[in-house]
Amino acid sequence: MNVLDFQKMKDERRKISMVTCYDYSSARIVDASNVDCILVGDSLAMTMHGHATTLSATIGMMALHTAAVARGAPSKFIVGDMPFLSYRKGLKDAMDAVHQLMTAGAHAVKLEGVRGHAEIVRHIVDSGVPVMGHLGLTPQSVNQLGGMKVQARTDAAVGLLISQARDLEDAGCLALVLECVPAEAARNVTDLLKIPTIGIGAGPHVSGQVLVYQDLLGLNPGFKPKFLRTYANAFEIIQAALDAYDREVKEQKFPSEKESYLESQSSGNPARHGQGNAAFIPIVSDTLPASPPALF
Ligand code: KIV
């Protein structure tokens with residue numbers, strides 16, 4: 001997928017699938033999947049760092065995670081999230097943040113809202129950087145919204161949502177995330193805009209969907225908002241694997257002889273960091289994947 005495919009997919013009425021991703025090993029899985037594109041969301045403050053809101057994400061964190069995802073998912077279109085206030089402190093700070101995300105490997109940036117920063121959005125777009133907008137529930141404004149609440153529930157609020165969506169389209173956004181708005185409001189915005197809308201808690205009448213990786217895989221078992229569908233019970237699966245490992249270590253069933261190095265094979269350096277050493281001779285076990293990276 002490249003930036004032009006967003007519009008093409010809306011025009012051809014093909015749905016866009018997007019998932020958040022924050023680290024190298026998860027990115028390798030997303031890269032192997034059919035999901036169209038990745039958002040390195042500022043939700044990483046919560047999913048990866050345990051904070052209560054997204055307000056704790058910094059541009060340093062965003063760039064570090066974006067770079068890891070870019071290394072793991074070289075075939076995917078990656079959108080990097082602009083963190084809290086990073087585009088509200090003037091043009092130079094905003095452009096420095098954009099610079100960090102793009103040089104870390106993002107192909108576009110996303111930012112929340114439009115009131116007071118439409119000119120900054122336009123400047124980023126005019127600088128050759130695709131921008132994704134984000135309206136509805138904008139988690140960086142959680143303190144002003146009075147909580148993580150469904151937005152656009154009155155006619156006046158739907159009118160405001162539509163006018164802000166038009167402002168973002170006029171500013172040159174490639175697409176618009178609509179978070180936690182009634183399905184009819186999302187349908188109106190989608191029908192009125194030329195650019196695609198990507199919903200999360202915005203019903204089915206949008207151009208595509210985005211979900212948080214941990215939520216859709218069932219890695220966040222206490223979190224069950226109405227909009228979420230979980231496609232796996234990864235928390236239970238991983239916990240069961242860890243318990244099986246623990247049991248076999250304690251019962252001395254792991255490692256077996258087959259999983260141990262024999263003296264006759266021990267001329268190589270089995271240390272994990274030995275690849276750069278000229279004396280290192282890799283011993284490839286037939287029970288372990290040899291690549292990538294070939295560590296054994
Ligand atoms: O940060 C994030 O994960 C997001 C999505 C929920 C759209 O902004």
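The values are calculated or read from the model by the stated rules, or taken from the named source; none is laboratory data. Please read all numbers here as calculations on a predicted model, not as lab measurements. Side chains are part of the model used for accessible areas, which takes the heavy atoms of the whole protein and leaves out ligands, DNA and RNA. Shrake-Rupley method; radii C 1.70, N 1.55, O 1.52, S 1.80 Å.
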Reachable lysines from Lys250, Cα under 27 Å, same-chain residues fewer than 8 places away excluded?
Lys258
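Counting only C-alpha contacts under 8 Å and six or more residues apart, can you give the relative contact order of region 96-245 as a whole percent? Present the calculation step by step, with values, prior to reporting the outcome.
Working: 235 pairs, mean separation 24.2, N = 150.
For region 96-245, the relative contact order is 16 percent.
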Not counting ligands, DNA or RNA, and with a 1.4 Å probe, what is Phe235's accessible surface area in Å² rounded to the nearest 10?
100
What ³J(HN,Hα) values, in whole Hz, does the Karplus curve 6.51 cos²θ - 1.76 cosθ + 1.60 give for region 155-168 when θ = phi - 60°, with x put for Gly and Pro?
4, 5, 5, 5, x, 5, 4, 5, 5, 5, 5, 5, 4, 5
Which whole-Hz couplings ³J(HN,Hα) result when phi for each residue of region 244-251 is put into the Karplus expression 6.51 cos²θ - 1.76 cosθ + 1.60, θ = phi - 60°, listed in order with x for Gly and Pro?
5, 4, 4, 4, 6, 5, 6, 8
Under a straight-distance cross-link criterion of Cα-Cα below 17 Å, which aspartates and glutamates are reachable from Lys8, leaving out those fewer than 8 residues away in the same chain?
Asp36, Glu169, Asp191
Could you work out the helix-only [θ] at 222 nm for the chain, with each DSSP H run of four or more residues adding -39,500 (n - 2.57) and the total divided by the number of residues, to the nearest 500 deg cm²/dmol?
-11000 deg cm²/dmol
Whose amide H sits under 5 Å from the amide H of Val177, counting only residues 5 or more places off or on another chain, with H placed in the peptide plane?
Gly133, His134, Leu135, Ile198
Lysines within cross-link reach of Lys226: Cα-Cα under 23 Å, excluding same-chain residues under 8 positions apart?
Lys15, Lys149
If you average the C-alpha positions of region 62-80 and of region 152-171 separately, how far apart do those two centres end up, in angstrom?
30
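So what is the accessible area of region 1-67 per residue, in Å², with the probe set to 1.4 Å?
Working: 3170 Å² over 67 residues.
Heavy-atom accessible area per residue stands at 47 Å².
Counting only protein heavy atoms, what percent of the accessible surface of the chain is carbon or sulfur at a 1.4 Å probe? Spell out each step's value before the answer.
Values: 8850 of 15910 Å².
On the chain, the fraction of accessible area on carbon and sulfur atoms equals 56 percent.
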